[in-house]
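Notes follow the structure.
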Amino acid sequence: MGICVFFSGPHGSGKTTLINKLVEKYECFSENDFDVNFLEQFSTIKIMNDFERCLLRLYHRIFIQSYASEKSNKKEEHMVTLVSRSIYDSFAYIETYREIGKFTFKELEVLLNVEEGIGDYPLTVILNPSPGIIMERLLKRRKTGARSERDKLFCKEDTYEFVCSLHDKFERYRDKDGVLYIEDNDESAMEQIYNWLIERITRR
């Protein structure tokens with residue numbers, strides 16, 4: 001069986017860049033072949049409130065975890081499927097929204113009940129640069145206009161307050177079993193990820 005690893009971290013942390021660099025550098029890595037672009041394929045997200053969006057994204061990540069894990073099981077033993085985002089992202093975002101007072105008690109209770117029903121936690125690389133670096137990357141991305149529709153819809157997630165809180169939530173997972181916590185997507189981090197996964201594969 002192959003192995004599946006998920007990449008989590010704040011938006012703007014550099015996950016997509018890191019996955020692309022890993023796939024390009026190592027033949028044993030391939031990217032997950034299925035995802036959903038909510039802005040293009042789920043237009044009603046534009047009229048949802050924060051609770052509804054968080055719930056939708058949580059269910060989506062639960063599904064992707066199941067889908068990608070099943071697909072990777074059918075691959076050769078040395079192959080590794082890289083997946084952008086995991087349930088850790090939903091946990092961190094939900095907790096951040098709760099902290100800034102965006103959920104009612106009943107809404108939070110629904111989200112927590114869904115979390116409790118999740119089974120195994122996936123192997124996950126958490127990329128969590130400092131809030132200052134994330135803000136710089138978000139500003140650069142905003143200037144290019146590449147994700148202008150997303151930037152308008154989720155503008156509250158781009159504030160320094162939100163990013164700082166989100167960074168702290170991801171940092172809490174750094175010592176969790178099955179998590180590799182890194183703060184950059186440079187060459188050194190790529191080697192660290194590769195060695196970590198090779199160790200996991202040989203352990204099985």
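Would you work out what percent of the accessible area of the chain, with all protein chains in place, is carbon or sulfur (probe 1.4 Å)? Can you show the working numbers first?
On the way: 5370 of 10750 Å².
Taking all protein chains in place, the chain shows 50 percent carbon and sulfur surface.
For the chain, what relative contact order do you get, as a whole percent, if you take Cα pairs closer than 8 Å and at least 6 residues apart?
The value is 33 percent.
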How much net charge surrounds residue 57 when only other residues with a Cβ under 9 Å from its Cβ are counted (Lys, Arg +1; Asp, Glu -1)? +2
Less than 15 Å Cβ to Cβ from residue 175, Lys/Arg counted +1 and Asp/Glu -1: what total charge do the surrounding residues give? 0
Accessible area per residue, Å², the chain with all protein chains present, probe 1.4 Å: 53 Å²
Using only Cα atoms and rounding to the nearest 10 degrees, what angle (0 to 90) does helix 187-203 make with the longest principal axis of the chain? 60 degrees
Could you state the angle between the C-alpha long axis of helix 15-25 and the longest principal axis of the C-alpha atoms of the chain, as a value from 0 to 90 degrees rounded to the nearest 10? 20 degrees
Which distance in Å, rounded to a whole number, links the C-alpha centroids of the range 17-91 and the range 163-204? 17 Å
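Using heavy-atom solvent-accessible surface (probe 1.4 Å) with all chains present, what is the largest-first order of 118, 133?
Numbers: 118 25, 133 70 Å².
Largest to smallest exposure gives the sequence 133, 118.
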Counting Lys and Arg as +1 and Asp and Glu as -1, what is the net charge of the other residues whose Cβ lies under 11 Å from the Cβ of residue 93? +2
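The values are calculated or read from the model by the stated rules, or taken from the named source; none is laboratory data. Note that the structure is predicted; figures quoted are calculated from it, not measured. When we count neighbours, we look across all protein chains shown, and the Cβ atoms used for this are built from the backbone with ideal geometry, even at glycine. For the accessible areas, the whole protein counts, side chains as well, though only heavy atoms, and no ligand, DNA or RNA atoms are used. Shrake-Rupley method; radii C 1.70, N 1.55, O 1.52, S 1.80 Å.
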